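Chemist: Take a look at the following structure, please.
Bear in mind that the values in this text are calculations on the coordinates, not laboratory data. Model, not experiment: these values are computed from the prediction. As a convention, Cβ positions derive from the backbone with ideal geometry for all residues, glycine included, and neighbour counts pool all protein chains shown.
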Amino acid sequence: MKVSRGRLWVQMLKDRLIIRQGGRCRICAKVIFVEHAVLDRLDGIGNFTPENTRLVHVHCGILVRRRRTARGRHTSDVETIE
Ligand SMILES: [Zn+2]
């Protein structure tokens, strides 16, 4: 199976962030595994860099996105590549 560069980058970023965050979700602070994690961009128009992303649970990411949407801000700031 061909793996795109973008996908590889996301995987690398997730591995890095999970170490940086001590294996905890940045929203609920519970244990998180890469398989159940999504990348949440702090700045929705920024790039997927270690500085601009944090690792959160899939469901936590959805909650945050809803909250942001409710405030009328960007809506597509949670990366859904898994
Ligand atoms: Zn969480």
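Chemist: Which of 28, 60 has the fewest other C-beta atoms within 10 Å, and how do the rest follow up to the most?
Modeler: Final ranking by Cβ density, sparse to dense: 28, 60.
Chemist: Calculate, in nm to one decimal, what residue 52 and residue 28 gain on full extension: separation in residues at 0.36 nm each, minus their alpha carbon distance.
Modeler: Result for the pair: 6.8 nm of gain on full extension.
Chemist: For region 33-39, what does the Karplus curve 6.51 cos²θ - 1.76 cosθ + 1.60, with θ = phi - 60°, yield as ³J(HN,Hα) per residue in whole Hz, taken in order and with x for Gly and Pro?
Modeler: Per residue, the Karplus-derived 3J(HN,Hα) values read 10, 3, 5, 10, 10, 10, 8 Hz.
Chemist: How would region 5-71 be classified by its alpha-carbon gyration tensor: rounded, prolate or oblate, with rounded meaning a/c under 1.5 and the a/b versus b/c comparison settling the rest?
Modeler: Verdict is oblate for region 5-71.
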